[in-house]
Each structure stands twice: as C-alpha cells, then as structure tokens.
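Here the structure is laid out as structure tokens; the discussion comes afterwards.
The values are calculated or read from the model by the stated rules, or taken from the named source; none is laboratory data. As the structure is a computational prediction, the values presented were derived from the model and not from experiment. With ideal geometry, Cβ positions are generated from the backbone for all residues, glycine too; neighbour counts draw on all protein chains shown. For accessibility, only protein heavy atoms count, side chains too; no ligands or nucleic acids. Shrake-Rupley method; radii C 1.70, N 1.55, O 1.52, S 1.80 Å.
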Amino acid sequence: MAGVVERHSIDVVPDDERHGSPVSQFTLWLGANLQITAVVTGALAVVFGANAFWAVIGLLLGNLLGGAVMALHSAQGPRLGLPQMITSRAQFGVRGAVVPLALVIVMYIGFFASGSVLAGQAVGELTQLGETPGIVLFAAVTALAAAVGYRLIHALGRIAGLVCALAFVYLGVRLLQRADLGTLLHDHRFGLPVFLLAVSLSASWQLAFGPYVADYSRYLPRHTSARATFWWTLSGSVLGAQWSMTFGALAAAAAPDAFVGHEVGYVVGLGGAGLIASFLYFVIALGKLTINVLNTYGGFMSLVTSVSGFRGQRVLSPRGRAGYIAGIMLAGTAVALLGKDSFLTSFKDFLLFLLTFFTPWSAINLTDYYLISKERYDIAALSDPAGRYGAWNARALTVYVVGVLAQLPFLATHFYTGPLVAALGGADVSWLVGLAVPAVLYGLVARRGGAAVPHPEAAPGEQGQQSPAGFGG
C-alpha cells in the first residue's frame, strides 16, 4: 500500500521516482472526458439555440482551441516535476499567486458540485437510496480516491476510458435507432451568436483543465518529449470531450423535452432496462468519479500551494492531506445539495464565468513559460518570498486584472451581459479577448527578458529541450 498512496504534494518529484510514458496522458484525459457532464455541455449548445449541425462543428472548434492551451500546460509537468498552480509563483510572486489560486479553488468546488449532482442521481438509482444520499456517498468515495493519489487517478482514467468508450458506442447506436442522423443534421442554418456559444462552451471546458493538467504529468521522466506530452494530452482530451458533447448535442436535438432536466434518466432509458440500466448507472458514476477525483486532488494541491506561500511548508503529513481533501469534499457536497434543482442553467453560466478568469491566467502562464523564461524556472525560488520571484508581482497581477476586465464588455451570461455583445449579434467572444490582451501586455511588462533560468536539477545538455509546438526554448 505504501507504494500506492502518494507521498508528494507540492514538492518536486525526484528523478528516481519518475515513471510512465506520455500515452498515460491520453488514457487519463479520454476517461476524464467520456462522462455525463460533457454530454450536458454539448447539449447546452442545442438547448440555447444552435442546430445540431453547427453545434457539433462549434464544439469541435472550441475543443481544439481550448485543448491546445490546456495541452501546453500539460507539457510543463515532466519538465518541472511540479503541480500546475505552483508555477504561477514565477509570474505573480510566491504569495501573489494566491489571487488566481483562490479562483481556481472555487472552480474545483464548483465542478465537484456539478459532477456530484449528476453522479448522485446515478448512484441513488443504482443503490436505491435516492438522490441526496447518492450525492453524499459519491462525494465520500471521491475523497477517498483523491487521498490515495496519482497512481490510482491514472488507473481510474484507464478503466473509465475503456468502459465508458464501450458504453458510448452502445448509446450512440441506440440513439441513432431512435432518431435519423440525416434528419438531425439536416438544418444547416448558421447563427453566429449561438455558434460562438458552442465554441465558448467547449473551449471553457478545456481551458478549465489548465490549472491542474500538469499535476497529472509531473511524474513523467524529466526527459519525456514535450511534443509527445502535448499531443497525447490534446488527442485524449479532445477525442473524449468531442465524443461526449456530440452525443449530448444529438440527444438534445432528438428529444429536447425528454432530455433537458432529466439527463441521467434519458441516457439510461436510451440504453434499456434491467441489467443494462444498472450498468449504465455504473458507467455514469464511474465517469464522474474519474473527473471528480481530478477536481478534488487539484483543489487539494491548490489549497496547499496557497497556504504554503505564507507558511513556507512544502511537505504535508498524511493527516494534513486528509484534512485538505475533506475540506474540498464538504464544500463541494454542500454546493451540490443546495444547487441540484437548478443545475442546467447554473452550469452553463458557471462555465462561461470561469472562462473569464482562467483565460488571462493561462495566457500569462504560457507566455511566461514558453516565451519569457524559455521553459526554465528557478525551482528553489518558487518557495522563497525573498527570492528572484518575490512575494508579490504587482505588474503581473495588474495585467491579470486588466485581462479579466477587458473581457467584460464582450461577456454574455444569464446574470451579466456586456455592452458590446448586442453589437456582435449576441455573440460571446470574451475568451478570445482574455487570451490575447494579457499575453500581449505581459510580454510588454515582463522584465526578466529572454534569459534562460537553468533548472537546479537539470542534467547536462538539457538546456536545449524543444517546446511541444517546435517553437521557443
């Protein structure tokens, strides 16, 4: 058991404990995306006005664009051996990184809650306990798996990827037995606002992985190809998400009244009754378990990173680890129980709201890592408020705030619509602004220049490692 339960948290993973290959990123992210919440995300594009034809294309475009950003973060893991959000200290300062971290923690709790609502329905039906006990039971199992850590998370990804892929093939066949594909895709009328909504929904889905994606690649050997890590992550995440979202869009187009508000029941009913229904409830719970463990584990990492910026703690006791994970579980479960009756609309607004805060963070982090620091950080200084990165980086924090504010005129959600949205026909392009503005501004204000920062543990000859897309470094 000692070799299974993870010992590391936000400390650097030593070279002699690195293992695995980049293919592990494909299986993990395929399994994490073949699940019911991604189905609901795809359905939202149709529910809010797009026809199935353009919804599927818009979802694919968003998955590719957002997935590329997310996969660039994944490529940082083997190089640095660190969780994703601790690298934010190189941009925002050792303590200043708590600003995006606080929002990341809210994200984890929100995704934990939304996943628990859908999984709780499945667990409640599978156990005959009902929805609320199902949510609580699911949350407890999630926390236990997150406490075991990295190896179990990747094992869950492999199992879920295989089981859920088989289930989605079966469900796809059943859907097409009920509805003619040609009829579903017959309407080709194009509407820019709803098309861009579809793009934004899937892009936000992918971008929301950015703050923790390197957590699950940091155990790969240091000399693992960055390009391979990038492409395996991208392909697994895009394939899984697009598969699920396409199914959701087609299901919503085929039976909007039966699907909306009854997503779990519709999916299971589509498959059949008896043992098949029980199997599909299990599949829904397994898929959600995989992604909710990622959210719990990522929330744990972010909380530890936030606290350690002020306390200087890098190694965590098993009791401390359990306490952080329990906190994430309790908060997420409370939100799930409070919000389970207004899930669909709330989830759409939650996704677009998150996008506003995480695109500027991604833009700053990637600009700094690939273009300013040239993939090299002073690892020791990431834990020293008096070191080269300082405690607070006012310039980076200012750029981050400007990046968030620059999106507001273009943002369209249920509770807020920016003044420029109407001029664009109702289209939400805020996430494009949120990527471009901070990237340009950060490049202008960065004062470290392009000088490389050698990795303290780097082996001779490592300095020339190529970036995943073949640029930089």
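A few points about this structure:
- Of the whole protein surface, GLU17 contributes about 60 Å² of accessible area at a 1.4 Å probe radius.
- Rg/Rh (Cα only; Kirkwood hydrodynamic radius) as it applies to the range 233-339: 1.11
- Here the label points at ASP384 and HIS262, each 7 Å from Cα along the C-beta direction, are separated by 6.3 nm in the simple model.
- Cβ crowding within 10 Å averaged over residues, with 300-306, 183-189, 59-65 ranked highest first: 300-306, 59-65, 183-189
- Heavy-atom accessible surface of the range 389-449, averaged per residue, reaches 49 Å², computed with a 1.4 Å probe.
- Accessible surface area normalised per residue over the range 151-217 is 41 Å², counting heavy atoms of protein chains with a 1.4 Å rolling probe.
- Solvent-accessible surface ranking, highest first, for ASP378, ASP180 at 1.4 angstrom: ASP180, ASP378
- The range 1-42 and the range 128-195 have Cα centres separated by 18 Å.
- Distance cut-off 41 Å, percentage of C-alpha pairs in the chain lying past it: 14 percent
- Estimated translational diffusion coefficient (Stokes-Einstein, Kirkwood radius over Cα pairs, 4 °C, 1.567 mPa s) of the range 1-82: 82 µm² per second.
- Additional length obtainable on full extension of the chain from HIS223 to VAL141, 0.36 nm per residue less Cα span: 26.0 nm
- Volume of the convex hull of the range 72-159 (Cα atoms only), normalised per residue: 127 Å³.
- Debye-formula intensities of the range 221-295, expressed as log10 I(q)/I(0) at q = 0.19, 0.25, 0.26, 0.28 Å⁻¹, are -0.93, -1.21, -1.23, -1.25 (one equal scatterer per alpha-carbon, no solvent).
- Of LYS374, LYS288, the residue with the largest accessible area leads and the full order is LYS374, LYS288 (1.4 Å probe).
- Expressed as a whole percent, the accessible surface of the chain that belongs to carbon and sulfur atoms is 69, based on a 1.4 Å probe.
- Local net charge near ILE159, Cβ-Cβ under 14 Å (Lys/Arg +1, Asp/Glu -1): +3
- Accessible surface calculations at 1.4 Å, restricted to protein heavy atoms, place the range 1-87 at 27 Å² per residue.
- The range 1-43: proportion of alpha-carbon pairs further apart than 11 angstrom, %: 77 percent
- Remark: relative contact order (the chain) = 30 percent; criterion is Cα-Cα distance under 8 angstrom and separation of 6 or more residues.
- Counting only Cα atoms, the size of the range 383-431 along its three principal axes is 49, 17, 12 Å, in decreasing order.
- Compared with the alpha-carbon gap, the fully stretched path from ARG158 to VAL401 is longer by 83.6 nm at 0.36 nm per residue.
- Solvent-accessible surface (1.4 Å probe) assigned to SER225 amounts to roughly 60 Å².
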